[in-house]
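Report on the structure given below.
Since every read-out is calculated from the coordinates, none of them should be taken as a lab result. Bear in mind that the values here come from a model prediction, so they are computed numbers and not experimental data. Quick reminder, even Gly has a Cβ in these numbers, built from the backbone with ideal geometry, and neighbours come from all protein chains shown.
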Amino acid sequence: MPSRRSFLRAAGGAAAAFVLPRPALSSPYLPFPQPVAQDGAWKQADEILARIVPPRFPSREFPVTRFGAVPDGTTDCTDAIRKAIAACHSAGGGHVTIPAGRFATGAIQLKSRVNLHLADGATLLFSRDPRMYLPLVLTRFEGVELMNYSPLIYAFGQEDIAVTGGGTLDGQAGERFWWLWKGAWEGHPVREGGPTQAAARARLVEMGGLGTPVAQRRFGEGSFLRPNFIQPYRCKNVLIDGVRIVNSPMWEIHPVLSTNVTVRGVTIVSHGPNNDGCDPESCRDVLIEKCTFDTGDDCIALKSGRNEDGRRVNTPVENVIIRDCVMRDGHGGVVIGSEVSGGARYIFAERCQMDSPRLDRALRIKSNSVRGGFVEHVYMRTVTVGQVAEAVVTVNLFYEEGDTGKFPPTVRDIEVRGVTSRKSDYALLLRGYAHMPLTDIRVLDCTFDNVAKPDVVEAVKGLRLTNVRINGEVRTETIDR
């Protein structure tokens, strides 16, 4: 049975009155700057928030042990969990409960009006056997649609679904399972004769470029393209709340083409390759709040498809609110791209805490002229950074392929306000194209201390600094380069 606290969070409504404790950083919290008055853009954020309402579920309970699940960590409980979900769905919805204990499982597919609830002390151990993620399903791999292994938790075309509770989702990935399929990654060379995704990944990108029908892009066994962890695909009214996610094959929370998504109070600790924390892709109306990210890649990365395939689907990620999150290790705290061919707009981030020598950037925008897309109306405020390894704010249009394509991305209307940082290599690292410069980037009322290197500003028109303090020097100026 869910506790009253976790049930309220799963049900939505009354959860708003419950205040989650702040997760602790390895170093003490830094004080927030003074709040900044609302302006027109942030009033729009309030309108977006008013539309994001977590789903509610009937009080019916469907414990998986009733359907034969055994909490011994070895018995395969896949069929028992499937039967519990089917029964819950057929009854009109409710809670499929995972009680305390260790339950081994393969792929889980959610259905409408079902909340998969993990009690405190519950752990779902996902199989390392790729055959447990068959049959193939429609999914995305790094922004390109295909038929591949099922994500560990998957839903397609469903409404009112949730994964909640105080338990743990353990993907059991590691250097010997799943992660080695990446090939070389961050200090891990390709194992001679070992499996690698390289050939299949190149073939998939080629298929996307040629417009091969998605049904014919069949991968799975022998291709070594890792599944994502949680993926609601073309779903509506989604809640991911409270769970702890560890040891993911790759991207952890990856809603695609979904609307009204809430990710709240989740803790993610997973340091493998491509282990992004939360990657809403081509989604609309998304709230990510009170989460802790300790990842092997970007903490939060907003995406909208890759190259020709992203332009074919042509759906931006938009109306995203990020607030009160903690970012530890990762390539970036709040990131847009690089698979952003469908565009990104109206992104709001506030009151986040970032602090780690292994966190590279606070705000990161990345694309190139092969991926293209647009990034506009991005607003960050009241964010406190202890230290980052590279830059507080990075916009890089030379990511991977660089300026070698026909689709130069547009980046405009980016505002960073009331952000403080105690240590970084750069305050600003901004690289546009001479033929398509970055435009209208505003940095206001920010303080960046212990900055080791001068700003990099290349091909930027209308960079406005207002009351920006860098290593004690106050700057107010407009820069065109």
Check the straight Cα-Cα distances from K236 and name the lysines below 19 Å, setting aside those fewer than 8 residues away within the same chain.
K111, K303
³J(HN,Hα) across the range 67-83 via Karplus (A = 6.51, B = -1.76, C = 1.60, θ = phi - 60°), whole Hz, x for Gly/Pro?
9, x, 5, 10, x, 9, x, 10, 5, 6, 9, 4, 5, 5, 5, 4, 5
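More than 14 angstrom separation, counting every C-alpha pair in the range 406-481; what % is that?
On the way: 1722 of 2850 pairs.
Result: 60 percent of Cα pairs exceed 14 Å.
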Step through the residues of the range 131-145 one at a time and calculate ³J(HN,Hα) from phi using the Karplus curve (6.51 cos²θ - 1.76 cosθ + 1.60, θ = phi - 60°), rounding each to whole Hz and writing x for Gly and Pro.
5, 6, 10, 9, x, 4, 10, 6, 8, 10, 10, 6, x, 10, 6
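Which of the peptides 433-439, 248-254 is most tightly packed, and how do the rest follow, going by the mean number of other Cβ atoms within 10 Å of each residue?
On the way: 433-439: 16.6, 248-254: 29.4.
The packing order, highest mean first, is 248-254, 433-439.
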Sorting check: for 378-389, 43-54, which peptide has the highest mean count of neighbouring beta carbons within 10 Å, and how do the rest follow?
378-389, 43-54
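Just round it to a whole percent: the fraction of Cα-Cα distances in the range 222-288 exceeding 18 Å.
Working: 767 of 2211 pairs.
When all Cα pairs of the range 222-288 are counted, 35 percent exceed 18 Å.
Can you pull the semi-axes for the chain, root of five times each eigenvalue of the Cα gyration tensor, sorted largest first, whole Å? Working shown, then result.
Numbers: eigenvalues 260, 135, 80 Å².
Output for the chain: semi-axes of 36, 26, 20 Å.
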Net charge near Y133, counting Lys/Arg +1 and Asp/Glu -1 over other residues with Cβ under 13 Å of its Cβ?
+1
With the cut-off at 25 Å, tell me which of the pairs K290/K461; K406/K461; K43/K453; K182/K366; K366/K423 have Cα atoms farther apart than that.
K290/K461; K43/K453
Please work out the C-alpha center-to-center distance from the range 124-160 to the range 210-239 and express it in whole Å.
6 Å
Gap separating the Cα centres of the range 43-76 and the range 244-306, nearest whole Å
17 Å
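Let me check against my output: what whole-number percent is the relative contact order of the chain, with C-alpha pairs under 8 Å and at least 6 apart? Intermediate results must be reported in sequence, preceding the final value.
Values: 1500 pairs, mean separation 47.2, N = 481.
RCO, the chain: 10 percent.
Once Rh is set to the Kirkwood radius over Cα pairs, what Stokes-Einstein translational diffusion coefficient, in µm²/s, holds for the range 206-337 at a temperature of 10 °C and a viscosity of 1.306 mPa s? Numbers along the way, then the final one.
On the way: Rh = 15.1 Å.
It comes out at roughly 105 µm²/s.
How high is the relative contact order of the range 177-265, in percent, with contacts defined as C-alpha pairs under 8 Å that are six or more residues apart? Mind showing how you got there, number by number?
Details: 112 pairs, mean separation 22.8, N = 89.
Relative contact order here is 26 percent.
What number, in percent, do you get for the relative contact order of the range 388-481 if the mean sequence gap of Cα pairs under 8 Å and at least 6 apart is divided by its residue count?
Across the range 388-481, relative contact order equals 27 percent.
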